[in-house]
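The structure appears right after this line, and notes come after that.
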Amino acid sequence: MILVTGATGTVGREVVRGLPANLRVRVMTRDPAKAAGMFPGAEVVVGDYTDPPSLARALQGVRTAFLVTTRVDGDDDARFVSAARAAGVRRVVKLSAAGVLDPGADDLITHRQRANEDLLRGCGLQWTLLRPRAFMSNSLSWAGSVRHERTVRALYGMSPNACVDPRDIAEVAVRVLTEEGHAGCAYTLTGPEALTAVGQTRELGRLLGIPLRFEELTPDQARVALGGRCPLPVVEALLAGAERQRAGAKAHVEDTVSTLTGRPARSFRQWAQDHLEAFTPPPGGADPRR
């Protein structure tokens, strides 16, 4: 039995879809209504990291688990690992972040990821760490302004990031979850090239067949924009990460996706082509004067 946490999230849902149909798969979610009908053939269980009995039920009979946690406070990873040991789980595959390798990264999010990696390495279970760069799907946050204003707004538009397609992360995760030989390994996952927001804007414009404008946000403007959807400590961590990106800390490209899957990592153009509908202006077109 394979348990997938975060199954309704960006990577988790692709992991579930990519697992072979002949395997027993269980997905853990806090909101079963959200998962209803999403994963035919998988068992859906209600579970919450803050509810140890629910973790025990979710982990019963599980051999391998895919662990995704997003809170930067609390002890979600510790609770899960403790429950996994008690349930007799053999292996945990953890979704971490590439920033843990950057000695200059001392923000809250990176501190938490490093602590969770240390926890997993010392827990007595087999472990594998997946460390992706930023998701290409983060650019979906521009979809509304592209559709209605033909505009992308972002901080530090010329800073490069070797962002990765979440589907590639998921494909690597499926390999690690279903194959032997990955215990004790940590894999950094990137796309095939380092991209800037300005470059992504140009690519989206070419695919859409319309000119797009790029507007650079100031740090204060970015703080306000991020504050609309993230707690303040997370906002400050993201801004610190943007500063490191501007300094070139996120531009290095790895060939791990190719090595583990046998094919090249997907480009941003491929990702954007497959998600172009999200950016397409409504009938009647966008108003470029807005």
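The values are calculated or read from the model by the stated rules, or taken from the named source; none is laboratory data. Source: prediction; values computed, not measured. Note that we place each Cβ from the backbone using ideal geometry, even for glycine, and neighbour counts take in every protein chain shown.
Numbers below:
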| quantity | calculated |
| --- | --- |
| Pairs where the first residue, in the stretch 198-209, is over 12 Å from Val146 (Cβ atoms) and in the same structural domain as Ser145 (by TED's automatic domain parsing) and the second is surrounded by fewer than 16 Cβ atoms within 10 Å (Cβ to Cβ) and among the hydrophobic types (A, V, I, L, M, F, W, C), C-beta under 8 Å, 6+ apart | Val198/Met158 |
| Qualifying position, being without any contact (Cβ under 8 Å) to a residue 12 or more places away in the chain and over 18 Å from the mean Cα position of the chain (by Cα), among Glu236, Glu180 | Glu180 |
| Members of the stretch 208-227 that are surrounded by fewer than 16 Cβ atoms within 10 Å (Cβ to Cβ) and over 25 Å from Leu95 (Cα atoms) | Gly209, Pro211, Arg213, Glu215, Glu216, Thr218, Pro219, Asp220, Gln221, Val224 |
| Gly199 being more than 17 Å from the chain's Cα centre (by Cα) and not in a loop (DSSP other than H, G, I, E, B) | yes |
| Criterion violated by Arg114 - all others in (1) in contact (Cβ under 8 Å) with a residue 24 or more places away in the chain; (2) under 20 Å from Ala249 (Cα atoms) satisfied | (1) |
| Conditions (1) touching a strand residue (DSSP E or B) at 6+ places or on another chain (Cβ under 6 Å); (2) closer than 23 Å to Leu208 by Cα; number of the one not met by Thr188 | (2) |
| Residue ID - nearest to Thr70 (Cα to Cα), chosen from residues in the stretch 132-162 that are assigned to a helix (DSSP H, G or I) and in contact with a Phe, Trp or Tyr (Cβ under 7 Å, 6 or more places away or on another chain) | Met136 |
| Any pair with Cβ under 9 angstrom, 6 or more apart, that starts in the stretch 72-84 at a residue that is within 17 Å of Pro233 (Cα to Cα) and in contact (Cβ under 8 Å) with a residue 12 or more places away in the chain and ends at one that is β-branched (Val, Ile, Thr) and part of a helix (DSSP H, G or I) | Val72/Ile109; Val72/Val234 |
| Criterion: surrounded by 15 or more Cβ atoms within 10 Å (Cβ to Cβ), aliphatic (A, V, I, L, M) and in a helix (DSSP H, G or I) - qualifying residue of Leu119, Leu129 | Leu119 |
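Listed here are the residues, each with its yes/no results for (1) within 16 Å of Leu120 (Cβ to Cβ); (2) assigned by TED's automatic domain parsing to the domain that holds Asp118; (3) touching a Lys or Arg at 6+ places or on another chain (Cβ under 9 Å).
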{"residue": "Ala33", "(1), (2), (3)": "no, yes, no"}
{"residue": "Glu43", "(1), (2), (3)": "no, yes, yes"}
{"residue": "Phe66", "(1), (2), (3)": "yes, yes, yes"}
{"residue": "Ala78", "(1), (2), (3)": "yes, yes, no"}
{"residue": "Val81", "(1), (2), (3)": "yes, yes, no"}
{"residue": "Arg85", "(1), (2), (3)": "yes, yes, no"}
